[in-house]
1. Could you say whether any residue in the range B:467-474 is not basic (Lys, Arg) and not in a helix (DSSP H, G or I)?
2. I'm checking my understanding of the structure. Among residues of the range A:10-23 that are at the interface with another protein chain (Cβ under 9 Å from one of its Cβ atoms) and either of a type outside the set (Phe, Trp, Tyr) or closer than 15 Å to B:ALA367 by Cβ (or both), which one is surrounded by the fewest Cβ atoms within 10 Å (Cβ to Cβ)?
3. Does at least one position in the range A:50-70 carry a residue that is at the interface with chain B (Cβ under 10 Å from one of its Cβ atoms) and either farther than 26 Å from B:ILE307 by Cβ or part of a helix (DSSP H, G or I) (or both)?
4. Which of the helices (runs of 4 or more DSSP H) found entirely inside the range B:61-173 contain at least 3 residues meeting this: touching a Gly at 6+ places or on another chain (Cβ under 8 Å)?
5. Give the residue, chosen from A:GLU57, A:GLU86, that is loosely packed, with under 13 Cβ neighbours inside 10 Å, touching a residue at least 24 places away in the same chain (Cβ under 8 Å) and not small (Gly, Ala, Ser).
6. For the range B:369-463, list the helices (runs of 4 or more DSSP H) that sit wholly inside it and hold at least 3 residues that are away from every other protein chain (no Cβ under 14 Å), of a type in the set (A, V, I, L, M) and under 21 Å from the mean Cα position of the chain (by Cα); which are they?
7. Condition test on A:PRO45, is it surrounded by 15 or more Cβ atoms within 10 Å (Cβ to Cβ), modelled with pLDDT of 95 or more and part of a loop (DSSP other than H, G, I, E, B)?
8. Taking into account only those residues within the range A:23-76 that are among the aliphatic types (A, V, I, L, M) and farther than 21 Å from A:VAL122 by Cβ, which is farthest from the chain's Cα centre (by Cα)?
Amino acid sequence: MHLHKYEKIWLIFGIGSLVLFLAVLGFGAFWKGTHPQSHGATIDPQNIEAHEAFQPENLGLTKVDDDKYIVNIAASAFHYDLGVDEDGKPVKKLTIPKGSTVLFQITTKDVVHGFNVSGTNVNMMVEPGYISRMETVMKKPGEYTVVCNEYCGVGHHLMYATVEVTE
Amino acid sequence: MSIKKTMSAVHIIPKQFPITKKEARLYMAFISVAFISLFIGGLMGLLQTLVRSGTITLPWGIDYYQVLTVHGVILALVLTTFFIIGFQFALMGKTVGISMKQRKAAWLSFWIMLIGTIMTAAMILLGKASVLYTFYAPLQAHPLFYIGLALVIVGSWVAGIVNFRQVYVWKRAHPHEKSPLLAFMVTINMIMWIIASLGVAAAVLVQFIPWSLGYAETINVLVSRTLFWYFGHPLVYFWLLPAYMAWYAIIPKIIGGKIFSDSLARLSFILFLFFSIPVGFHHQLTEPGIDPVWKFIQVVLTFMVVIPTLMTAFSLFATFEITGRKKGFGGLFGWFRHLPWKDVRFLAPMLGMLAFIPGGAGGIINASHQMNAVVHNTMWVTGHFHLTVATTVMLTFFGVSYWLIPHLTGRKLTPSINKLGIIQSIIWIVGMAIMSGSMHIQGLLGGPRRSSYSEYGGTEQAADWLGYQIAQAIGGTILFIGILLMVYIVIKLAFFAPTGKEAFPIAEEEANAKPTPKFMENWKLWIGITVLLILFAYTVPFIDIIQHSPPGSPPFDWPIGNQ
């Protein structure tokens, strides 16, 4: 098959950049280990309490070590269950000191949800039967809106929480 | 050897078939459904942008997500499929002909698709199927919603089989000739479509329909999503390839040039066939149950599509330059300035091509293994496909309509309609630049897609997003004006323009073009490689998904407001 000379140059340039892009992605994925979340841990969506992390008293923010936190969340239409505070009221806001390492663990009792700490890389699909996990370091102080970014029904846009990273 | 030489020296101009009135009615039936869909779907789009800007609330208890479902289903599935199949039938009828029997089978495909569409639409309008066009389990719609969708797909298969039959009959009558380029391209697109839609058909027939009828208690959510995206990415190529057909084989004629290279065009279509299907995981990068290594493999396969895309870009601009220079427009960019910008049959698709540059670049970002986490399910994604499908593909389809509709109805594209068309194209590109641009920015700031108006408890971030949502409403309003104008133009071209003859522009090869290698039409080889690539990309992870599957999900119909 005939290829024009300029076309050859163009394709070599294009395929070369393709190889470069893929090398960058591959370096990130396999050398640095920055894969997208793919935990693969399963759970019975109709009985999430059977898993320790999603028992009512373990939901929400738990300090596990200096600068180390776990956040357990039970998602359902149209609510992120972050446990209750001292007065028995549902928690809507988490406060985390700057520089902490936070492990988000979330599952759903019903339909598919999203979990995105807006403006960060914490962005996961939450699917019935699976636990989605992602660990991150909260470096920048500020108030972050947690949004459900996968359609889960008529109250989808009312499903949110807040994470505040303090100085 | 010597025989071969003489063969290549003789330049065969393929015979074309006139389109009879009966055939024209068939093609117009498909195209009419497409433009009715454009109007309904566009109106829904306008309502969404207005609701999301906080300007209006919907009356009569209509839900935002019901409107969103109509918008997605009718534009992404109905408009596109009907226009594409009608356009492809017209291309086949013109280049290889259509027999009476084939025409009847084509009508059968039309009616199956239309009945399916009406069933699905009725369920959405009754509020029984506000599940958006992706209908993710375990949200459950009314069974007729799924059955309707299945019928649309089955109808499209009938159309594909008619197309294959058309090529087969032509080949038998012309044993030593290569099939016409456009017929070859239609064949590729329909092969891809049928292989891809097997996935969604399996999900709908085996999983969704029994489950929604109550014969199966639970559904495997991840399997349904994997089958959906096995289909969902080739779906976007099914939209794009007909636009490529117009770019490769029709635009050159409109600008008074020749096809840059017949074999190159065919090769790029073959590569699109290879690399459109085994890539669905890049839509599932942030999902919990799929192994990251296999995600990466599919990311690599996704990126391969860069090669035929670059080949296409080269061919098109080469055609533009060669044509311009032949006409005597020298200088570095003289040929570019002297392209027929005032001919809407050229301008509309050309603007579409230009929009594909940022659109394609955004696609590379979406498909990137890690970068996807920044944009997944944000408004960025919505902005992306409004650039690619709603701008690139739609403007090309509009560009096609300006000559195809009058050709079929025996009318003329008059200078005044041409001028209206130019205004329409500019309105479209301006509206889309504002809407899609603000969607991209809002997405980068974390704004979620598929969400009604919300203040998210009054956070600062949500307040930042609102400004972009207002910009989207402005863009959306401009676009709706564009839709009204387009619908007016289509009605005018179909019923009221002066009678006359409008050309069906199909470009020819250069007289001294190198012959196309024979293996280009080795269908067994191309389908074989495609199947192997799919097996490679899906077998192991699919077995893994099934072996490690959690308990299934029961149906949920209350979250969609279906009590």
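1. Going through the range B:467-474, the residues not basic (Lys, Arg) turn out to be B:467-474.
Still in the running and not in a helix (DSSP H, G or I): none.
The answer is no, given that none of the residues of the range B:467-474 is not basic (Lys, Arg) and not in a helix (DSSP H, G or I).
2. A:SER17
3. So the first thing to find is which residues in the range A:50-70 are at the interface with chain B (Cβ under 10 Å from one of its Cβ atoms), and the list is none.
No, that holds for no residue.
4. On the way: elements: B:64-72, B:80-95, B:100-125, B:143-173.
Fully inside the range B:61-173 and qualifying: B:64-72, B:100-125, B:143-173.
5. Numbers: A:GLU86 fails: touching a residue at least 24 places away in the same chain (Cβ under 8 Å).
Step by step, each of A:GLU57, A:GLU86 is checked, and only A:GLU57 is loosely packed, with under 13 Cβ neighbours inside 10 Å, touching a residue at least 24 places away in the same chain (Cβ under 8 Å) and not small (Gly, Ala, Ser).
6. Ranges flagged: B:394-409, B:415-444.
7. Details: surrounded by 15 or more Cβ atoms within 10 Å (Cβ to Cβ): yes; modelled with pLDDT of 95 or more: no; part of a loop (DSSP other than H, G, I, E, B): yes.
Against the criterion (surrounded by 15 or more Cβ atoms within 10 Å (Cβ to Cβ), modelled with pLDDT of 95 or more and part of a loop (DSSP other than H, G, I, E, B)), A:PRO45 does not qualify.
8. First, the residues of the range A:23-76 that are among the aliphatic types (A, V, I, L, M): A:23-25, A:29, A:41, A:43, A:48, A:50, A:53, A:59, A:61, A:64, A:70-71, A:73-75.
Still in the running and farther than 21 Å from A:VAL122 by Cβ: A:23-24, A:50.
Numbers: A:ALA23: 25, A:VAL24: 23, A:ALA50: 22 Å.
Only one residue tops the list, namely A:ALA23.
The values are calculated or read from the model by the stated rules, or taken from the named source; none is laboratory data. This structure is a prediction, so every number in the text was calculated from the model and none was measured. Virtual Cβ from ideal backbone geometry, glycine too; neighbours counted across all protein chains shown.
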